[in-house]
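The values are calculated or read from the model by the stated rules, or taken from the named source; none is laboratory data. Only a predicted model underlies this, so the values are computations on that prediction, with no experimental measurement involved. Cβ coordinates were reconstructed from backbone atoms using ideal geometry, including for glycine residues, and neighbour counts include every protein chain displayed. Surface accessibility is based on the protein's heavy atoms, side chains included, excluding ligands, DNA and RNA. Shrake-Rupley method; radii C 1.70, N 1.55, O 1.52, S 1.80 Å.
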Amino acid sequence: MQRRSWLKLGGGLIAGAALAAVVGFGPVVRSRATEQAARRGATLEIGSVRPGVGRVWLRNVTARLPDVPAVEVSLDAVEVRLGASLSPQALVAHGGQLRIRGSFDEVSQQLAAWRAKRANDAGGRGGGAPYSVDGLTVQWDAVREGSAPQYAWGARYSKNGETEELAVDLMRVAFDGVSLEVSGGRIALGRRDGHRVIERLTTDSANLVADLSAEALDKRLPLPKPVAGSGPKGKGVGSDAGPNKAPDHWDSASLIDPERGARARKSFARLATLAADALPVDSELDLGGLRARLLRGSEALNVGPARLRIVRGAEQVSVSLAPTADAESALRLGLDVPIGDGPVKANVEGGPVSLAALGVQEGDFGLLDVSKATLAARANLTLAADGHELTFVGNTKLAQLAANKKWLAPGPVRGLTLALQGRAVLALDGTRLTIEDGQLEVGKVRLDLKGELQQTKDYKKVWLEGGMPLASCQSMLDATPEGLMPLLSGTRLTGTFSLTGKLEVDTRALDKMVTRWSSVNECRITGAPADIAPSRFSHSWTREVLDVTGRLVQTQSGPGTLGWVPKGSISKHMDTAVLICEDGAFFRHRGFDQEAIQNSIRENVKAGRFVRGASTISMQTAKNLYLSREKTLSRKLQEAVLTHLLEQELSKDQILELYLNVIEFGPGIYGIGPAAAYYFNSTPSQLSLGQALYLASILPNPKRQYFGADGAVTPGWSNYLRKLMRIAAKIHRISEGELEDALAEQVTFKKPNSPRIGVDGELIPEGVDAEGPPLESEQTVE
């Protein structure tokens, strides 16, 4: 609309100049042209004036408006077609450029001031001869600070009486990773009640491209970044819960904008006003060939073509978007914007319709079988009249979805069905989100969720509760799509499962945080494929590990293989060490430690980032026995079921034996036998408490070591080991005498017998304690 006014402005200015051209040539023509332009508040420069047969040519014409410095028109040639009496019959401009500089608001304000200044200047109005411009290039600079120029090519404008037409061969605009390309755009204008209105608007095609990468989104809405902190903490009974008050790692103020909602409502009001001014009541615009392409890195999602309809009612402007093929079940988007005050309402309704019918292409965002996957939705969005709240009510269902995503599974996943419904209210200033009766269904499994998130620039408050209602264990397994849990294919279960949880957090009182997580797990595996049956680990088997160079290699494990150590041949201190460092509740839980999960949630919320996990020894054993190293949803889901299988079929000692023989203790070092030999030139049965604790303490990151140049464990890590020793005594895993001896131990690389340190800090000769009597062998202490 604005570009049409600028083209008309250029045509009108040139019309005055062309009328003067028929009076004379050279200085006379320039004088009359300048006079005509000045009456319109413009300046005019004409490169040359030449007569022709039945016409006059003006070449290299430039028009400017001193009151509108943002706009400049340069035309290659203006053709003044003459009648029999040498009077102008038509004006045609060929080629040139319309140059605009500044933001939309700046340019609009300049034009409005120019129009107001000459509103009562009757002599400043153009003549009655029809005129047109073709082959114009439009360039708009600095629409937004730092933005690239916006272009239109092959722009055309014509006026004949009350009828105006504007067209463009190609137009491209782009801001902050969002671009729009329009081909074959055409607008027909008329006059009603003294106002210009749109009579027809068509496009051959319109393509929208939006970049969804983090970099592009940060430009549109900067997101807070986590503050760097300390490394991960241990997960066992020796974990340090940290202080009650943790720093707020997320800048709440950056997400809060009190004027955001008002600006959004104002934008809709402006669109409604523009449409109301440009369209007569009960008129309709119908645009086809609309497509959208969403980008994220090397991935893309295509949608369209679709048809856009705009209907101007007496009290509102309605916009609808639907696929070009007008199928009965087509998915339709609607938007109703009042002309004046009132809420803005949007809705989506229709389906099920295939993703292919929506324009999604095979492979988009990793999606497969798009002709089989279907989408259905019934949802409404309402922006309050004051713009403060946005309300969502509705449901949507995506069925028979297939995808190939690395975070999901190593290979394609097919047959995924998701359904979402509920009601949510978002305060657009960023201070509150309320979820009411939300439900997520995956196949036949349902998850309920409700809660509220509040934040100010000073604090955040979260309340969430929900869970999974009682469901058949077998139905839960059957609900998983093909390819998501391939190892469990053919597994049979009995029993039922349910889950409930609650989280209450107020960053002003973190010590009062509430985390409750409970489940009823009566699932029992009654049949499992031979490849995952725990009985297979009673003899040798082949598994894949990374060697010291990081190469994936196959190795033999199990009783009787090189490096395998039976549970009875491992120092009791190793049991103590992994219980303290990895899983303090190992002998009490059934594979999953509810308290560890709750503590993990608490610590991660306090830190504002992931600092602590809740993986048990049983879970780590399942992961090492069955699963690859890829971090996928598939691995986590299978890990849960396989952990349950190990706990069901094996004793705790059997699980611990497997764990200590398959866990990684360093690059290319797997199992307690090779670890004891590599680090201490020892056997597993002869490991001291300090040595065992050292081996267990590096399990979270076995690539990092803590030996000094002299081979002794560094002072800082030695202090950490002594802290773990005191915990061992506190939980009655060692006696006070063993603790006293262990505290004097100086764990040293490649030393099978750790030297002892006296009260003066000097090394004590081997075999003598601080008091002088010979040391009793650690392995005889019960």
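Considering only residues that are open to solvent by less than 10 Å² (accessible area, probe 1.4 Å) and of a type in the set (A, V, I, L, M), look in segment 682-715 and name the one that is farthest from the chain's Cα centre (by Cα).
Among those that are open to solvent by less than 10 Å² (accessible area, probe 1.4 Å) and of a type in the set (A, V, I, L, M), it is LEU687.
Quick test of your reading of the structure: GLY128 fulfils all but one of (1) open to solvent by 70 Å² or more (accessible area, probe 1.4 Å); (2) modelled with pLDDT under 80; (3) over 20 Å from LEU166 (Cα atoms). Name the failing condition by number.
(3)
Select from segment 421-460 the residues that are part of a strand (DSSP E or B) and of a type in the set (Val, Ile, Thr) and list them in ascending order.
Hits for segment 421-460 are VAL425, THR434, ILE435, VAL442, VAL445.
What are the residues in segment 170-228 that are in a loop (DSSP other than H, G, I, E, B), open to solvent by 50 Å² or more (accessible area, probe 1.4 Å) and modelled with pLDDT under 85, if any? Before you say what the answer is, go through the steps one by one.
Initially, segment 170-228 is screened for residues in a loop (DSSP other than H, G, I, E, B), giving 176-177, 193-194, 203-204, 212-213, 221-228.
Retained after the next criterion (residues that are open to solvent by 50 Å² or more (accessible area, probe 1.4 Å)): 176, 193-194, 204, 212, 221-223, 225-228.
Passing the criteria: ASP176, ASP193, GLY194, LEU212, LEU221, PRO222, LEU223, LYS225, PRO226, VAL227, ALA228.
Out of LEU295, LEU271, I need the residue that is outside any helix (DSSP H, G or I) and either buried (at least 17 other Cβ atoms within 10 Å of the Cβ) or under 30 Å from the mean Cα position of the chain (by Cα) (or both). Which one?
Matching residue, one of LEU295, LEU271: LEU295.
Taking the conditions exactly as written (in contact (Cβ under 8 Å) with a residue 12 or more places away in the chain, buried (at least 17 other Cβ atoms within 10 Å of the Cβ) and within 16 Å of GLU657 (Cβ to Cβ)), does MET574 satisfy them or not?
Taking the combined requirement at face value, the residue satisfies it.
How about segment 57-76: which of its residues are touching a His at 6+ places or on another chain (Cβ under 9 Å) and among the acidic types (Asp, Glu)?
Scanning segment 57-76 gives a single hit, ASP76.
When you go through (1) on the phi < 0 side of the Ramachandran plot; (2) more than 29 Å from the chain's Cα centre (by Cα); (3) at pLDDT 90 or above one by one for VAL319, which number turns out not to apply?
Single failed check for VAL319: (2).
Determine whether segment 716-730 contains at least one residue that is of a type outside the set (Lys, Arg), open to solvent by 50 Å² or more (accessible area, probe 1.4 Å) and within 14 Å of PRO752 (Cα to Cα).
no
Would you tally the residues in segment 731-758 being charged (D, E, K, R) and crowded, with 17+ Cβ neighbours inside 10 Å? Explain how you work it out, then say what you get.
Residues of segment 731-758 charged (D, E, K, R): 733, 736, 738, 740-741, 745, 750-751, 756.
Subsequent filtering for residues that are crowded, with 17+ Cβ neighbours inside 10 Å retains 733, 738, 741, 745, 751, 756.
Result for segment 731-758: 6.
If I ask for residues that are farther than 21 Å from LEU271 by Cβ and open to solvent by less than 40 Å² (accessible area, probe 1.4 Å), which ones from segment 298-313 would you list?
Within segment 298-313, ALA300, LEU301, ASN302, GLY304 qualify.
Of everything in segment 380-407, what is under 14 Å from LEU633 (Cα atoms) and either assigned to a loop (DSSP other than H, G, I, E, B) or open to solvent by 50 Å² or more (accessible area, probe 1.4 Å) (or both)? Give them in sequence order.
ASN404, LYS405, LYS406, TRP407
Taking segment 625-670 as the search range and keeping residues that are at pLDDT 95 or above and in a loop (DSSP other than H, G, I, E, B), which one is least open to solvent (accessible area, probe 1.4 Å)?
Residue satisfying both the conditions and the ranking: ILE663.
In segment 408-431, what count of residues is obtained for those that are open to solvent by less than 60 Å² (accessible area, probe 1.4 Å) and under 18 Å from PRO258 (Cβ atoms)?
6
Go through segment 332-360 and give me each residue that's more than 23 Å from SER267 (Cα to Cα) and open to solvent by less than 20 Å² (accessible area, probe 1.4 Å).
Hits for segment 332-360 are GLY350, GLY351, VAL353, LEU355, GLY359, VAL360.
Failed condition for VAL514, given (1) open to solvent by less than 20 Å² (accessible area, probe 1.4 Å); (2) under 26 Å from ILE597 (Cβ atoms), with all others met?
(1)
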